[in-house]
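Each remark here refers to the structure printed beneath this line.
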Amino acid sequence: MFSVYGRMTALPGRRDELAALLVEGLRAGGEDSGLLAYTVNTALDDPDTVWLTQLWVDKDAHDATTRSEPVAAVSRRVPPLLARQPEGCYGHAVHVHCPG
């Protein structure tokens, strides 16, 4: 599995708008995109920070979905909400546990 971790810093007062837009973007990929799980989190210690975590079946699914026009259209609306360039990294999930 392919994982994505990101940190975005919104302009002051725009964090909730950014978080909602990130959720919209993840949903724009559709149910069969290969996205297994995602979380959009707000930081307890910073009113402008949003953390994003994604778990994909593989990198190809991630790349195809994030390059699709529905997701790209939402992604183009993100930069005006940002105070600085997003930070992030990619990885391979070693262990995933989803309690039933």
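The values are calculated or read from the model by the stated rules, or taken from the named source; none is laboratory data. In this text the structure is predicted, and so the values were computed from the model without any measurement. For neighbour counting, all protein chains shown are included, and Cβ atoms are generated from backbone atoms with ideal geometry for every residue, glycine included. SASA here: full protein model, heavy atoms, side chains in, ligands and nucleic acids out. Shrake-Rupley method; radii C 1.70, N 1.55, O 1.52, S 1.80 Å.
Quick one: in the range 71-100, of everything that is within 18 Å of LEU36 (Cβ to Cβ) and in a loop (DSSP other than H, G, I, E, B), which residue is least open to solvent (accessible area, probe 1.4 Å)?
Among those that are within 18 Å of LEU36 (Cβ to Cβ) and in a loop (DSSP other than H, G, I, E, B), it is ALA93.
Give me the pairs: first residue in the range 55-73 and among the basic types (Lys, Arg), second residue open to solvent by less than 50 Å² (accessible area, probe 1.4 Å) and at pLDDT 95 or above, beta-carbon distance under 7 Å, and six or more apart or on different chains, which are they?
LYS59/PHE2
Among the residues of the range 17-57, write down those that are out of contact with any Ser or Thr (no Cβ under 9 Å at 6 or more places or on another chain), acidic (Asp, Glu) and open to solvent by less than 70 Å² (accessible area, probe 1.4 Å).
Correct list: empty.
Looking at (1) of a type in the set (Lys, Arg); (2) at pLDDT 95 or above; (3) more than 11 Å from the chain's Cα centre (by Cα), can you tell me which one ARG7 breaks?
(3)
Scan the range 51-70 for residues that are within 20 Å of LEU21 (Cα to Cα) and in a helix (DSSP H, G or I) and report the count. Walk me through it before giving the result.
Within the range 51-70, the first condition is being within 20 Å of LEU21 (Cα to Cα), and the residues that meet it are 51-56, 62-70.
Going one step further and asking which of them are in a helix (DSSP H, G or I), we end up with 62-66, 69-70.
Count: 7.
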